[in-house]
Every structure is written in structure tokens, then in C-alpha cells.
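Right, one structure below, let's go through it.
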Amino acid sequence: MCGICGFVGDPDRAILESMHKALWRRGPDDAGCFQAESVSLGHRRLSILDLGGGRQPMSSPDENLVVVFNGEIYNHPALKQQLEARGRHYLTRSDTETILHAYAVYGTDCVEHFDGMYAFVLYDRRKKWLFGARDRLGEKPLYYTAQPFGDVEFAFASELKSLRRHPAIDSRLQLSSEGLVSYLLHDYVQGARSIHDGVRRVEPGCAFVYGLSESEAPGLRHWKYWSPLIGALPSPVGQTSNSPNPEQHLIELLTASVEERLMSDVPVGVLLSGGLDSSAIVALLHRTGHTHFKTFSIGFRDASFDESQYAAKVAERFGTEHISRVFEADDLVEQIPFVVARLDEPFADPSVLPTSMLCQLAAEHVKVVLGGDGADELFAGYDPFHAIAPARWYRRLMPQFLHRAGVMPLAGCLRDSDKNLSLAFKVSRFLSGAQAPADRRMAMWMGPFTPQGLQRLLPDLPQAVSPADIEAHYALPTCDRITDEIDQGLEFYQRCYLPDDILVKIDRISMMHSLEVRAPYLDRELVEYVNRLPANLKYRSGTTKHLLKRAVLQSGLLPKSVVHRQKKGFGIPVARWLRVELHDYFRQALIEEWPPELAMFNRHEVLRLWNVHQRRSANHYKELWALFMLARWTTRRLDDPAPPVRRTAGEAAVARQM
């Protein structure tokens, strides 16, 4: 795992080094720079594969091609054999070199051949262009700007903080109204947007070419080379949706994916929650003969949020070396400034904090871990899937005026509790999206603010963002093709929630601790197979992840007590902390020290949300937490100097020869 950056413009070695040093936590083991013509490329390395021979930026033997790469190409061994059969000669064991050879053979179509998590940018000196791409599901990030900033005509980086190290860019960055609205509607900035005007994200499954001014086709051209296709579709031979045993085929695919993600020259552990997804990974590792590895979990004092006892039982069952730590309110306070200062954009998923604790714990012992990310989005594992059928009937039978004038006020009479996913909270969230069209219910159920709530919070919003623009934040381009409501929900989770929340969280937080997290459930072949299956194999008769549960039980991987245990998620008791343990801390940030940079917000509405939550008349933790994280992000200060690189003996020997 690594960090990459670069720009097209007047070469400046000091600026390039400053840009890659901003990414040092992504790659503390090594650093490298390339500058030629008007192109500058920078790299930070977390050494995992071919420790002595995978240094970057990496050039082709004729020095025509130069690449910086972040991630892993899991089918690198198979591709290496194919490329060698076509006359390509390898000088290292690194998957970075596979990108160079694949581009030399296939051109920009090389991305069609990669299976992995990756973001890379390659400079073709003959064609005078930069070619870049991001993996299919968005595991690795890539920001860019093609808007001229002074003498910079194009720039890219793994994280925004690296772009901001270029003075020509940093001095001109402005808060994006569109990005702010996206954050308040979703808890995160969605899609190609960023929180800054003029800076965009390469979307999952997308590639681009940027032609230099002296090239045959100057400027930016981008395209989508892959999208998740959800719904029962024709399938290749051997992978049909009506296979007599899809459970068996699923386990075969998942086993192969786990095996591929063990590609490493350093030990690999597992993040273990004790739930189905991560426990199945542990079970598969054990079944395939990997009996000596570490597992990691954290726990909470609050029993309604704690899963650590279940993780310990799974670890004991499979004989792992299990390492656990308890998470409390005081730890939250300590994590907030560390995490927020290193987040490039406001991000309001509360699980970012325990995720940081977990990654910090794991990074004390290993460089690489496997995790269960992606299973919920693939197999319909979230609670809102239970609400789809009730919402369909509610919308048909309940007139809009009665919903607004009768049901909503009555629901407000439910007194809230501090339990995880309390009844009052569930009712409130259900009603917030029950009257919405089917293709946007999931987004409204999951987000902190509705469009109506946003208007109260930002009364001058229509001057900056039109109602049509707000509606566009909920639009899913393929939902017209998908008629099944379960599949529509999966479309939202795979196109929006997975890449922009879950994978942003796990990438940014793990990289804060110089830890690589790999996701076996996001294997390309596995995702494409499951997405072709009918929706009733994923959600059936009130059972989420129906197919995965059947597959794990039929294969004997895990007992029923693990497979059918009620899902808790990786949350923290924010609702109670706002009222009790951390009341004064949150009040100071939200009421007493609201940042002047956010003067456009209606302070009376913020105070109203606070008071209603304190009286337990409603649970507004999502709205208040989103506002709190925005306020803390706005006033963050990052002083994070890069220490000397920590090269291994092999890497140091290679560096001396260069």
C-alpha cells in the first residue's frame, strides 16, 4: 500500500517532496521522485511485496514509461506468466512492474486485465500523456484537478492534503457548496465531487488520459471501464444464476479470493468482529491450512454495542492468536483530534473512531490484514432492507397530508432511549424516507438531513444550490433498468455507500496507521457472480444475507450461533454521549464555539436540534454528529511532519545501487 502524487507544470523538487511527505503515513518505508519535461511524480511506500525490488516511481527498461502505483494487483502472478509468454522480461517480483508490462502490451485496455485494489498514474513519454485508473469498486482513492492553478495545469494525489502542499493549488481552493450539500445529505461527499471547488475524484471503475499541451490531444479524457451490474442477468457457463448449488460456488469463489489476498512477503492478520463476514474469512483461512495468524478486535463497555465476546469465541474456535482492546468514551475524545486532522474531507460515519482504534491495534503487530468489508453491500446485509416492504405499503396507503399532519407528530411522542438502534430512532428514520420514491429511500434513511431539514439549516442554500441540484444527489443512473426494490437498494449501497463511506473509511483510517486492509468479498469474479443472482437469494423472508448464511452453514464453516446472531454493526453510543458523558464537550463545539467559517448555518436550527435531543423528544444524533464533525474538520490543524523513511535492509541495499 502506498501514496502517490504528481503534477504537470513548472518542475519544483521541493514542492514534489512536500507533496509526497504529506502522504508519509500511507508509506513510511520508502519515498521516491521522478521529474522530466513538465511532469513530476512522487511516491510513498508501505513495503509488502518484493521488499527489495519494488521501489517507485518505476520505469520501463527503455525509460519511456514511468508509473506510480498504490494498492495490489491480486492476479499479478497469473498476469506475469501471460505477459512473459508474450516476450515481456521482468526485473522484479513486484506487481508494479506488471502495470508497466500490461500497458506496453494492451495500452489503456490494460485495466480490463487487472483484479485488485489500485490507483495508479503512468507517464507515457512518447505519447506525452498521463494515463491513470482506479479499481472497480473504489478501494483506493485518487483525487485530481484539471483546472489550471497558476503554473499547474494538472495534478493528482491519493489524498487532498497532498494536493494542498502545492502552493499554487492551496492558495486557490474554496469550499464547494455542492460538496457541502452532499456531505449533509449523506454523511460523506458522494461521487466525483470533493469538498473543494475545482478538485474531483476519479470514480470507481474509471480511467483517464491527460494529454500534455504538446501532445496530439491535449487535455483530459475519462471513461468508465466497469460498473456493477445488479439483477438476474445472463451468465457465463458454469456461473449461472440457476446453478444447482450456488452456495457451493460462492464458497469456492470466496476461498479463492481469500487465498489471492494472502499475497505478501510480510505476515497477514484478520480484523475480526465476531460477526458472519469476518468470521467466515477466519474459518476459510483455517480450512485451507493457515492455522497460525493473528486476529484483532475491540470492545465497548456498553453491552448494546459490544461484540468482543463473540470475536473471542470465534478466535478460540479456530485457535488464532487473538488480540483485543476495550473502547470507552475517554478514548473517543483522544481519537477525535487525531482522526479529524487527517481526514481530507468532513466525514460523519461514527464508526470511523473505533475503526481507528482497531487499525491502531492491528498495526502494532502486522502490516496487512483481511477484513469483511463489502459483504453487507453485496448480500443485502443492512437493516434498511427490512423496511422496504413496509415502506412500499405505507406509501400506497398513507396520504401525504396525513403522514405530515398525523403520523409524524405522533411518532415524535415516542421517548427516545440511549440503546443502539432504539425503537424511537428506527421509527423516526423509517418515516423520514417512507414517502420517498423507491430509488432514493435508502439514501434518505441513511443520511443525516433530508432536503427539508437542509433548507432549515441553510436558509440561503437555494442561492448556491438549486432544488434540482439537491435532487441530483439522490439520482442513481441505472435504477430505471432495475425494477426489484432489493436490487435498487443494492444499487445504492454498491454505487454510493460502499465506495464513498465504507471504503473511504477503511482506506483513510488504515493508512493513518500505515496498515493495509484487504477485502476478500470485493473480488471481481465474486462480485459479478453474486450481482447476477436473483434478489430473493440475498434477502428472503426477512433474512438478510440469505445466500451467504446458507453457504456458510452448508459448508460447515461456522455454527448457527455465529451465522444467525443479530447484527450490531460497528457503531458507538453517540446518542448517549451527546446527552451524558460528553455533553459539555459536544455543546462547546456545537453551540459555544461554532466556527465563523460556517456562518451561513442557521444557529437557531442547530440549537433546536440540540435541545430536542437533550429532552429525548427525538434522537438527532446523526444530525448533531454530522454538524460536530463538520465543525471540527473546519477548524482542524494538522502538524504531521514526515519522519525518515524506515527502509528494510534489502530496500536500503537497492537504494544504494540506484
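The values are calculated or read from the model by the stated rules, or taken from the named source; none is laboratory data. The structure presented is a predicted model; accordingly, all values stated were derived computationally and were not measured. Note: ideal-geometry Cβ built from the backbone for every residue, glycine included; neighbour counts use all protein chains shown. Note: accessible area is taken over every heavy atom of the protein model, side chains too, but ligands, DNA and RNA are not part of it. Shrake-Rupley method; radii C 1.70, N 1.55, O 1.52, S 1.80 Å.
Quick one: is V209 at pLDDT 95 or above and in contact with a helix residue (DSSP H, G or I) (Cβ under 6 Å, 6 or more places away or on another chain)? For V209, the condition - at pLDDT 95 or above and in contact with a helix residue (DSSP H, G or I) (Cβ under 6 Å, 6 or more places away or on another chain) - is not met. Cβ-Cβ distances below 7 Å connect the following pairs, each with a first residue in region 249-270 that is open to solvent by less than 50 Å² (accessible area, probe 1.4 Å), a second residue that is among the small types (G, A, S), and a separation of six or more residues or different chains: H249/S243; L250/A551; I251/A551; I251/S555; G269/A362; V270/S278. The set of residues from region 595-607 being under 19 Å from G453 (Cα atoms) and in contact (Cβ under 8 Å) with a residue 24 or more places away in the chain comprises L598, M600, F601, N602, E605, V606. Scanning region 279-338 for residues that are in a helix (DSSP H, G or I), open to solvent by 10 Å² or more (accessible area, probe 1.4 Å) and not β-branched (V, I, T) yields a total of 17. Scanning region 10-19 finds one or more residues that are crowded, with 19+ Cβ neighbours inside 10 Å, at pLDDT 95 or above and either within 26 Å of the chain's Cα centre (by Cα) or within 21 Å of G219 (Cα to Cα) (or both).
Only residues that are open to solvent by 30 Å² or more (accessible area, probe 1.4 Å) and either assigned to a loop (DSSP other than H, G, I, E, B) or of a type in the set (F, W, Y) (or both) were counted across region 362-381, and they come to 4. Exactly one residue among D507, D469 is open to solvent by 20 Å² or more (accessible area, probe 1.4 Å) and either farther than 30 Å from G542 by Cβ or under 12 Å from the mean Cα position of the chain (by Cα) (or both), and that residue is D469. As for region 438-460, it holds no residue that is in contact with a strand residue (DSSP E or B) (Cβ under 6 Å, 6 or more places away or on another chain), assigned to a helix (DSSP H, G or I) and modelled with pLDDT of 85 or more.
For region 72-108, the candidate set comprises residues that are closer than 21 Å to L522 by Cα, touching a residue at least 60 places away in the same chain (Cβ under 8 Å) and surrounded by fewer than 22 Cβ atoms within 10 Å (Cβ to Cβ); within that set, the residue that is nearest to the chain's Cα centre (by Cα) is N75.
What residue, among those in region 22-64 that are of a type in the set (S, T, Y) and surrounded by fewer than 23 Cβ atoms within 10 Å (Cβ to Cβ), is nearest to the chain's Cα centre (by Cα)? Here the answer is S59. Note on region 1-111: enclosed helices (runs of 4 or more DSSP H) holding 3 or more residues that are under 20 Å from D265 (Cα atoms) and of a type outside the set (D, E) are 76-85, 95-106. Being within 18 Å of V67 (Cα to Cα) and in contact with a helix residue (DSSP H, G or I) (Cβ under 6 Å, 6 or more places away or on another chain) is the requirement here; does Y118 meet it? It is false that Y118 is within 18 Å of V67 (Cα to Cα) and in contact with a helix residue (DSSP H, G or I) (Cβ under 6 Å, 6 or more places away or on another chain).
Just checking, does region 73-82 include any residue being in contact with a Phe, Trp or Tyr (Cβ under 6 Å, 6 or more places away or on another chain), among the hydrophobic types (A, V, I, L, M, F, W, C), closer than 25 Å to D29 by Cβ and at pLDDT 95 or above? Yes, region 73-82 contains a residue that is in contact with a Phe, Trp or Tyr (Cβ under 6 Å, 6 or more places away or on another chain), among the hydrophobic types (A, V, I, L, M, F, W, C), closer than 25 Å to D29 by Cβ and at pLDDT 95 or above.
Conditions tested, residue by residue: (1) small (G, A, S); (2) open to solvent by 10 Å² or more (accessible area, probe 1.4 Å); (3) closer than 26 Å to R524 by Cα.
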{"residue": "H166", "(1), (2), (3)": "no, no, no"}
{"residue": "L173", "(1), (2), (3)": "no, yes, no"}
{"residue": "E178", "(1), (2), (3)": "no, yes, no"}
{"residue": "R193", "(1), (2), (3)": "no, yes, yes"}
{"residue": "D197", "(1), (2), (3)": "no, yes, no"}
{"residue": "E203", "(1), (2), (3)": "no, yes, yes"}
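Scanning for something open to solvent by 10 Å² or more (accessible area, probe 1.4 Å), acidic (D, E) and assigned to a helix (DSSP H, G or I), does region 569-587 turn up at least one residue? Scanning region 569-587 turns up at least one residue that is open to solvent by 10 Å² or more (accessible area, probe 1.4 Å), acidic (D, E) and assigned to a helix (DSSP H, G or I).
Of all the residues in region 294-353, those that are at positive phi and in contact (Cβ under 8 Å) with a residue 40 or more places away in the chain number 0.
Restricting attention to region 89-115 and to residues that are hydrophobic (A, V, I, L, M, F, W, C) and at pLDDT 95 or above, the residue that is nearest to N70 (Cα to Cα) turns out to be I99. Just checking, which of P218, P236 is surrounded by fewer than 20 Cβ atoms within 10 Å (Cβ to Cβ) and modelled with pLDDT under 90? Residue meeting the stated conditions: P236.
Taking the condition part of a loop (DSSP other than H, G, I, E, B), open to solvent by 10 Å² or more (accessible area, probe 1.4 Å) and not β-branched (V, I, T), does E153 pass? No.
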